[in-house]
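Participant: This is the structure I have questions about; it appears just below.
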Amino acid sequence: MNKILAVSIASLFLSTVANAASFDGPYVQIGAGMVNNSTKANIGDNTGFGAISADLSKDGAVGQILGGYSHGFDNKFNLAANIFYNFGEDKSGGLSLLGNAATLDAKLKNVWGVSFEPGYYFSENTLGYIKLGYQRGDVQLNGALPLNGDYASTQSKGVGAFLYGFGIKQLLTSNLYIGAEVSRADYSNESLSGTYYNNPQGTFPVPSTVSIKSEATQTLGLVTLGYKF
């Protein structure tokens, strides 16, 4: 009886090991690639002068650090959860009009998020996935009207975004893997306001209200290197 019980336990253990998916468990990952930060913006003041509408865009290099946990189901399907932070190019472009009579600069800073990756095993060591999640960053806009010394202060606001994309991972050893992914984050529309002063160096500087509306997006392409524990 004891022998039968021991054989049953051993068989169950071996079956569990055999069914473990290649990417099961916790992992860490670094990524490097290219990013496009885009901002649709409109700036105007209560004087009716200097209104600007612009589609700003900037390409650059980007990096990412990520940690997560992955679990396979039915030998073919997988689900992973991650937390990440992006660093690198944060500018979203700039604009100047009428010989710098009006300028607008945009940035997307301090980008982090969480994501879920439902996946499918194309082979024992090759996993494809889609990425869905939430990303957050600080949208920073600086709208200025420097004509005759006028200026406007920089405005910044934390904004959330819906994140979506797809990717693939290839296991190289029992622990090391490489991958590639493309994702996009669509940030919610935000309105910012600030104050600048007409003739700020004069005896009677006149305050004016600046209103800025923004809609930011971030498109990311990464090559990744990871280690699963």
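The values are calculated or read from the model by the stated rules, or taken from the named source; none is laboratory data. Just so it is clear, the model here is predicted, and its values are computed rather than measured. As a convention, Cβ positions derive from the backbone with ideal geometry for all residues, glycine included, and neighbour counts pool all protein chains shown.
Participant: Among what's in the stretch 128-172 and is hydroxyl-bearing (Ser, Thr, Tyr) and modelled with pLDDT under 95, pick the residue that is nearest to ASP90 (Cα to Cα).
Facilitator: By that ranking, first place goes to SER156.
Participant: Considering only residues of the stretch 198-229 that are buried (at least 17 other Cβ atoms within 10 Å of the Cβ) and at pLDDT below 60, which is farthest from LEU127 (Cα to Cα)?
Facilitator: Here the residue is ASN198.
Participant: Oh, and also: Is there any pair with a first residue in the stretch 156-168 that is within 11 Å of VAL111 (Cβ to Cβ) and a second that is surrounded by 14 or more Cβ atoms within 10 Å (Cβ to Cβ) and β-branched (Val, Ile, Thr) whose Cβ atoms are under 6 Å apart and which are 6 or more apart or on different chains, and what are they?
Facilitator: From residues that are within 11 Å of VAL111 (Cβ to Cβ), the pairs are VAL159/VAL139.
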